[in-house]
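Heads up, the thing below is written out as structure tokens.
The values are calculated or read from the model by the stated rules, or taken from the named source; none is laboratory data. Small disclaimer: the values here were computed from a predicted structure and weren't measured. For neighbour counting, all protein chains shown are included, and Cβ atoms are generated from backbone atoms with ideal geometry for every residue, glycine included. All accessible areas refer to the heavy atoms of the entire protein, side chains included, with ligands and DNA or RNA removed. Shrake-Rupley method; radii C 1.70, N 1.55, O 1.52, S 1.80 Å.
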Amino acid sequence: KYVRINDQDGNPYGVYDFAIDVTDRVLAQRQLEESTAKLRQAEDLLKRAIEVANIGFYEWDIPTNRITFSEQMQKDWGIAAGSSLEAVVSHIHPDDRERVNRAIARTVGQGVKYQEEYRVLRPTDGKTVWIEAQGGLVEDNRGQLTRFIGTSLDITMRKLTEEQLKMTSIEASNANSAKSAFLANMSHEIRTPLGAIVGFAELLKKPDLTRANIASFVSVIERNSQHLLRIVDDILDLSKVEAGKMVFEHIEFSLPGLLADFASLMGLRARDKGIDLTLKLTSRIPTLVISDPTRLRQILNNIVGNAIKFTERGPVELSVSYEDNYLRI
């Protein structure tokens, strides 16, 4: 700063100059401006992140018992800001409401963090929305509780995904149980024809057999061998089903022959349990059909096998009819 110097007559004869070092003040001003710019940038980024994440905010003014929300929370809940705590809680699902009230009371009374997941019955469209809420207390300079602030997040999609994963896990577990039961049943099924094969093979060793006896025994061994082969095919089919490679055949075969053969084989199993199995044709059936004989045997094996398994006394009847182009079993 410059100041003119005058003589006693008032005429200027010089200049007085003095300066003040303001470097620190300028640097401080610049730092303040940079910090303010960074703060605004951080606030902008936070705002954008919140918008992307769809996070809602709420503030409960404890002295006035009024709750104000962000626009996102108003949208998620379908209610207007400025409601009382009781009015807000009334929109929570009845099964979750008491738990939420206890959590709020615990936070206010003990100062612990508030974090709950619950369902909200949205009045605008009647939908049930899952909410994840967090919050904490704010005190004034005298240590008095003044506000309860926190966040509200719609987690409905996450809950649906969790439920789908849970159902998938249950279905997978049930599928494994069914597979284990199937294999256990197949091991039992294998014993019946295998026992017949071994038994009649032993009978063939007798030296005094007639040609009729030998033919009869060989016929039994052949039938049971075929039955055993079909059981093995069933087990292999299970692997095909799991691999998504199941193929259905369309071939011509004798329906009466298949039914008679099946009844003969299953009759052995029924007699082992002390019950009778009968095949009853209630109408004329086609002699030749085009279908998948292996799958038909599997169906019959399941139906008749369960009937024999769960019948303690009395007969089991396999009734077959052909009406209106439908085969009824």
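Couple of notes before you dig in:
- Taking every alpha-carbon pair within the chain, the share separated by more than 33 Å comes to 63 percent.
- Cut-off 13 Å between beta-carbons: net charge of the residues surrounding residue 272, Lys and Arg +1, Asp and Glu -1: +3
- Remark: segment 116-244 is approximated by an ellipsoid whose semi-axes, taken from the C-alpha gyration tensor as √(5λ), come to 73, 15, 9 Å, largest first.
- Sites residue 156 and residue 178, calculated FRET efficiency, Cβ-Cβ separation with R0 22 Å, nearest 0.05: 0.10
- Local net charge near residue 189, Cβ-Cβ under 10 Å (Lys/Arg +1, Asp/Glu -1): +2
- Between residue 167 and residue 260, residue separation times 0.36 nm minus the direct Cα-Cα distance comes to 29.2 nm.
- Pairwise FRET efficiency - residue 313 versus residue 251, Cβ, R0 = 41 Å, nearest 0.05: 0.55
- For the chain, with all protein chains in place and a probe radius of 1.4 Å, 54% of the accessible heavy-atom surface sits on carbon or sulfur.
- The residues of the chain present an accessible area of 67 Å² per residue when probed at 1.4 Å with all protein chains retained.
- The longest part of the chain holding none of the exposed loop chymotrypsin sites (Phe, Trp or Tyr not before Pro), meaning those outside H, G, I, E and B in DSSP with at most 15 other Cβ atoms within 10 Å, is 19-247.
- The alpha carbons of segment 219-329 give a radius of gyration and a Dmax of 14.8, 41 Å, in that order.
- Neighbour net charge for residue 284 - beta-carbon separation under 14 angstrom, K R +1, D E -1: 0
- Mean ellipticity per residue at 222 nm, deg cm²/dmol - from DSSP H runs of n ≥ 4 across the chain, formula -39500 (n - 2.57): -18500 deg cm²/dmol
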